[in-house]
Amino acid sequence: MTRTSLFNSPLLLGFDQLERALDRMNKAAGDGYPPYNVERINEGHLRITLAVAGFADEDLSVQIENNQLVIRGKQAEDDHDREFLHRGIAARQFQRTFMLAEGIEVEGARLDNGLLHIDLTRPIEEPEVRTISIERSARANGRQLVRE
């Protein structure tokens, strides 16, 4: 089966990197663990909150890798001396990835009551308007231009 691209239009030139990023996000979106929220705190400030109950701060890692925010969690196995009658709380590792837009900065992360909060800043940019000069060719409308 051939996959058609959303970015196959001649009006969307140079978006192949974005297309690859969307493909990576679709592959990673299959696992819903741990659940998370993304909220706008105010203009230019965002917060990602992950529910990581049972993880200590030394079990978690927050890194930026190639414009991706990567959160990993791995709990130490200390269940050797415990006997479970029922085990409904899984001690599993996870990796959650978020694509960061150009200019997004991670301010910091904190663990509070089983919730990992990661604060992001998006600088407010003024729109850039550039005028592109148009060069005249040596021949215009079939006649030679004379330079003064």
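Conditions (1) hydrophobic (A, V, I, L, M, F, W, C); (2) under 30 Å from residue 19 (Cβ atoms), marked per residue:
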residue	(1), (2)
40	no, yes
45	no, yes
49	no, yes
55	yes, no
61	no, yes
74	no, no
82	no, no
97	no, yes
105	no, yes
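Could you check the stretch 59-91 and list, in sequence order, the residues that are closer than 19 Å to residue 36 by Cβ, surrounded by 11 or more Cβ atoms within 10 Å (Cβ to Cβ) and of a type in the set (D, E, K, R)? The answer is 59, 72, 74.
Against the list (1) touching a Lys or Arg at 6+ places or on another chain (Cβ under 7 Å); (2) under 19 Å from residue 120 (Cα atoms), the condition residue 59 fails is (2). For the stretch 92-114, filtering for residues that are exposed (fewer than 15 other Cβ atoms within 10 Å of the Cβ) and either within 22 Å of the chain's Cα centre (by Cα) or over 24 Å from residue 41 (Cα atoms) (or both) leaves 10. Residues satisfying the criterion are present in the stretch 118-139 (criterion: outside any loop (DSSP other than H, G, I, E, B), at pLDDT below 95 and over 30 Å from residue 19 (Cα atoms)). Restricting the stretch 66-90 to residues that are of a type outside the set (Val, Ile, Thr) and within 17 Å of residue 111 (Cβ to Cβ), which is modelled with the lowest pLDDT? Among residues in the stretch 66-90 that are of a type outside the set (Val, Ile, Thr) and within 17 Å of residue 111 (Cβ to Cβ), the one modelled with the lowest pLDDT is 76.
The values are calculated or read from the model by the stated rules, or taken from the named source; none is laboratory data. These numbers come from a predicted model, not from an experiment. Counting neighbours? That spans all protein chains shown, and the Cβs are built from the backbone with ideal geometry, glycine included.
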